[in-house]
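The values are calculated or read from the model by the stated rules, or taken from the named source; none is laboratory data. Bear in mind that the values here come from a model prediction, so they are computed numbers and not experimental data. Positions of Cβ are backbone-derived with ideal geometry, glycine not excepted, and every protein chain shown enters the neighbour counts.
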Amino acid sequence: MKKTIDLRSDTVTLPCNKMYKAMCEAKLGDEFYDDKSITRELEDYCANFFGKESALFMTSGTLANQVAIRAHTSPGDDIITERTYHINYYESAPTADLGKVVLNTVESPEGILNVASVEKAASNKNRSFGGNDPSLIVVENTINYHVGKIFPLEELQQLYSYATQKNINLHIDGARLLNASVASGISAAIYAEYAHSLMVSFNKGLGAPFGAILLGTHEFIAKTKKYRKWYGGGLHQSGLMAAAALYALKNNIPQLSVDHRNAKLLANQLSKCEKLELLTDSIETNIVMFNIQKYNIDSLRFVEMAEKIGILLYPWDQYNIRAVTHKDVSENDITVASQRLLESLDNETATVKA
Ligand SMILES: *Cc1c(COP(=O)(O)O)cnc(C)c1O
């Protein structure tokens, strides 16, 4: 039987045996009672690793973002961000419902939020006579929608100094920040230096089953602890999952550069297929996207067809498909997946249409 090659996301990875072992052997304890469990160890390790005062373990990236928003803003405030960032593209509903804040979005063709566009967004409304204020800027790194692009450090530095000067906080949605760090050679702590808070996921390229870390000052994290509890993210025996996250952080970072190499290989192979159009040839991290409109079928049908030949892909939007590399697909898997696609696309798409 053909091996299924799963490129839907880097969240599909499974724990390796050593990670399971680390989970089984972890020192547990009830987080609510502040027991000295491995969760505390993970948080201390993260605070040190990312160079922030304090850290809090979160069940998911979404919870980390939402709790950060709640702690940084007051209901009615503006959050300035880019239209395509996760915070708007996927989280506008929880942001409205839980944070009760307004997403003031800027559209940039390159997907990079900069000072000029933030200033424009800040001044595009009348703030007098009881108008609301912008109190948070959210940046994404790497940028999922823009094919895993790295947010440039210089732009971040400029935004941070602008934000600080205007008394606005800057939060990095760094679900894949370690991908940015490994690819750019810039340490995660350097990126973190130019943010008042940041979130980094364990459940993506790092290969843990669960969770994210939220980082910031002692004062900020103390505040977020309350909101995490309100939102149902106050865990008790969280050590099982914290142990997996700590294992991932200590062992799986080098894997990210393998993933990046595999993404480049995949893009290179797929570029041989005339009818598939890569959204970009410059693959910066572990995400590849391509347009399939020339096959005259939509993404959902394309994905169904790919599944039949043992390849799982994500239908990003109507005609664009996303493929993500991760620790559970090897270089050989990528070669096999590309071959299968190149060999059968014309036939299979014709059959789907018939
Ligand atoms: C995946 C992702 C999130 C949300 O993380 P979950 O753990 O799935 O809730 C937030 N931001 C970005 C950029 C992401 O890619």
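If the condition is being aromatic (Phe, Trp, Tyr) and over 18 Å from the mean Cα position of the chain (by Cα), then the range 276-320 contributes Phe290, Tyr295, Phe302, Tyr319. For the range 260-286, a tally of residues being in contact (Cβ under 8 Å) with a residue 60 or more places away in the chain and either closer than 24 Å to Gly205 by Cα or in a helix (DSSP H, G or I) (or both) returns 14. When each of Gly234, Gly216, Gly205 is tested for being among the small types (Gly, Ala, Ser), touching a residue at least 60 places away in the same chain (Cβ under 8 Å), out of contact with any Pro (no Cβ under 9 Å at 6 or more places or on another chain) and surrounded by fewer than 19 Cβ atoms within 10 Å (Cβ to Cβ), the lone residue that passes is Gly234. Scanning the range 140-175 for residues that are within 16 Å of the ligand (Cβ to nearest atom) and of a type in the set (D, E, K, R) yields a count of 3. Go through the residues of the range 146-167 one by one and say whether even a single one is touching a residue at least 24 places away in the same chain (Cβ under 8 Å), crowded, with 16+ Cβ neighbours inside 10 Å and under 18 Å from Gln66 (Cβ atoms). Looking through the range 146-167, none of the residues is touching a residue at least 24 places away in the same chain (Cβ under 8 Å), crowded, with 16+ Cβ neighbours inside 10 Å and under 18 Å from Gln66 (Cβ atoms).
Condition check ((1) surrounded by 21 or more Cβ atoms within 10 Å (Cβ to Cβ); (2) on the phi > 0 side of the Ramachandran plot) across all residues:
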{"position": "Gly61", "(1), (2)": "yes, no"}
{"position": "Asn65", "(1), (2)": "yes, no"}
{"position": "Asp77", "(1), (2)": "no, no"}
{"position": "Glu91", "(1), (2)": "yes, no"}
{"position": "Thr95", "(1), (2)": "yes, no"}
{"position": "Pro109", "(1), (2)": "no, no"}
{"position": "Val115", "(1), (2)": "no, no"}
{"position": "Asn124", "(1), (2)": "no, no"}
{"position": "Gly130", "(1), (2)": "no, yes"}
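Between residues in the range 327-338 that are in contact (Cβ under 8 Å) with a residue 24 or more places away in the chain and residues that are assigned to a helix (DSSP H, G or I), which pairs lie under 6 Å by C-beta distance while being six or more apart or on different chains? Note: pairs meeting the criteria are Lys327/Gln255; Glu331/Asn262; Ile334/Asn262; Ile334/Leu265; Ile334/Leu266; Ser338/Gln269.
For Asn179, are the conditions met, namely being at pLDDT 95 or above, under 18 Å from the mean Cα position of the chain (by Cα) and not in a loop (DSSP other than H, G, I, E, B)? For Asn179, the condition - at pLDDT 95 or above, under 18 Å from the mean Cα position of the chain (by Cα) and not in a loop (DSSP other than H, G, I, E, B) - is met. With respect to Ala71, determine if the residue is surrounded by 15 or more Cβ atoms within 10 Å (Cβ to Cβ), within 16 Å of the ligand (Cβ to nearest atom), modelled with pLDDT of 95 or more and under 23 Å from Glu219 (Cβ atoms). So Ala71 fails the test. Within the range 7-52, restricting attention to residues that are of a type in the set (D, E, K, R) and within 16 Å of the ligand (Cβ to nearest atom), which residue is surrounded by the most Cβ atoms within 10 Å (Cβ to Cβ)? The residue in question is Asp10. Considering only the range 217-241, how many residues are under 28 Å from Thr73 (Cα atoms) and either in a loop (DSSP other than H, G, I, E, B) or of a type in the set (A, V, I, L, M) (or both)? Adding up the residues that qualify gives 10. Just one of the numbered conditions (1) of a type in the set (Asp, Glu); (2) more than 13 Å from the ligand (Cβ to nearest atom); (3) touching a strand residue (DSSP E or B) at 6+ places or on another chain (Cβ under 7 Å) is not true of Asp97: (3). For Ile80, the conditions (1) in contact with a Pro (Cβ under 6 Å, 6 or more places away or on another chain); (2) part of a helix (DSSP H, G or I) all hold with the exception of (2). Using the structure shown, decide if Asp97 is within 25 Å of Ala180 (Cβ to Cβ), part of a helix (DSSP H, G or I) and acidic (Asp, Glu). Here the answer is no, as Asp97 does not meet what is asked. For the range 287-305, which positions are in contact (Cβ under 8 Å) with a residue 40 or more places away in the chain and in a strand (DSSP E or B)? Those that are in contact (Cβ under 8 Å) with a residue 40 or more places away in the chain and in a strand (DSSP E or B): Ile287, Val288, Met289.
Yes/no per residue for (1) of a type outside the set (S, T, N, Q); (2) assigned to a loop (DSSP other than H, G, I, E, B); (3) more than 22 Å from Tyr160 (Cα to Cα):
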{"position": "Leu63", "(1), (2), (3)": "yes, no, yes"}
{"position": "Ser74", "(1), (2), (3)": "no, yes, no"}
{"position": "Lys120", "(1), (2), (3)": "yes, no, no"}
{"position": "Ser135", "(1), (2), (3)": "no, no, no"}
{"position": "Tyr145", "(1), (2), (3)": "yes, yes, yes"}
